[in-house]
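Remarks on the structure that follows.
The values are calculated or read from the model by the stated rules, or taken from the named source; none is laboratory data. What you see is a predicted model, and the numbers here were worked out from it, not measured in a lab.
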Amino acid sequence: MTPDQLSQSLTQLGMTQADYARLIDVSQKTVWMWVSGRTPVPKLASEHLNLLLELDNLHRRAMGRLKPETDSGQ
């Protein structure tokens, strides 16, 4: 995963660098270093973000299939 892909993934998930740092228990500086390209994005972090994106996509698709409840007047 490139730094740009990491940044785009976080944006798509509605997460800040600080949010993601807390989620995976690393410092915000560590995530910043990945996003800035100063250090490579670790494979585990890349795979984790890809799983989060897949789950987000599945959730959005499932929510799109749900029909709103209608008031039956009862």
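A few points about this structure:
- Conditions (1) at pLDDT below 95; (2) at negative phi; (3) not hydroxyl-bearing (Ser, Thr, Tyr): number failed by residue 26: (1)
- Evaluated against (1) modelled with pLDDT under 95; (2) assigned to a helix (DSSP H, G or I), residue 67 falls short on exactly one condition, (2).
- Qualifying residue in segment 44-55 (condition: outside any helix (DSSP H, G or I), modelled with pLDDT of 95 or more and at negative phi): no
- Of all residues in segment 8-31 being β-branched (Val, Ile, Thr) and assigned to a helix (DSSP H, G or I), the one that is nearest to residue 56 (Cα to Cα): 11
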